[in-house]
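What follows is a single structure, written as structure tokens, with notes after it.
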Amino acid sequence: MQSYFWIKSAHIVLVMAWVAAAFYLPRILINIVEDGAPGAVRERLLLMGRRLYRFGHVMFGLAVVAGLVLWLGYRVLPEFPTMVGTGTGWLHAKLLLVAVMYALYIVDGRQLKGVAAGGALPSTKALRIRNELPVLILLVIVWLVLAKPF
């Protein structure tokens, strides 16, 4: 059972790292729009955004691996509790919301690449509204994991 708790702990930490990147990348885009003119600050923000985007991808990939071990580990390790069967509909809803959040993260990354190539970004108001979506999605994900309503 100890291996289950270690993998679950790793999964939680990796998810937290990815979510931090998903929360902060839109904020970098807002700062790029507010800075406006090309210059040293804009270049530094673009560099920070690219590094954060790569970091987020690595954390997401590792979180997915740990999540798959948690989900299917019972087939290999007898001490693992199963998450397959009746009463695990919450897991499918959670995975759907994670996919939506990941899609938003990809959109942010593409916007970052676009602005680095000279493209335009939406207004700061639109970006600020967009910045709150991961928070709301995460709130529902956490509720699903804790309440396991279906």
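Read the figures in this text as sums done on the coordinates, not as results from a lab. Being a predicted model, the structure only gives us computed values, none of them experimental. Here Cβ is always computed from backbone atoms with ideal geometry, including for glycine, and neighbour counts include all displayed protein chains.
The table below lists the values:
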| read-out | value |
| --- | --- |
| Label point distance in nm, Arg42-Phe5, each placed 7 Å from Cα along Cα→Cβ | 5.3 nm |
| GNM flexibility winner over the chain from Ile30, Ile129, Ile137 (Cα, springs under 10 Å) | Ile129 |
| Pairwise FRET efficiency - Arg27 versus Leu96, Cβ, R0 = 30 Å, nearest 0.05 | 0.75 |
| Ellipticity estimate at 222 nm from DSSP helix runs (n ≥ 4, -39,500 (n - 2.57)) divided over the chain, nearest 500 | -28500 deg cm²/dmol |
| Summed side-chain charge close to Gly119 - residues other than Gly119 whose Cβ falls under 14 Å, Lys, Arg +1, Asp, Glu -1 | +2 |
| Inter-part distance where the stretch 120-137 and the stretch 87-114 are each reduced to a Cα centre, Å | 15 Å |
| Among (1) 29, 16, 14; (2) 35, 16, 11; (3) 86, 16, 10, the entry that matches semi-axes √(5λ) of the Cα gyration tensor in Å as calculated here | (2) |
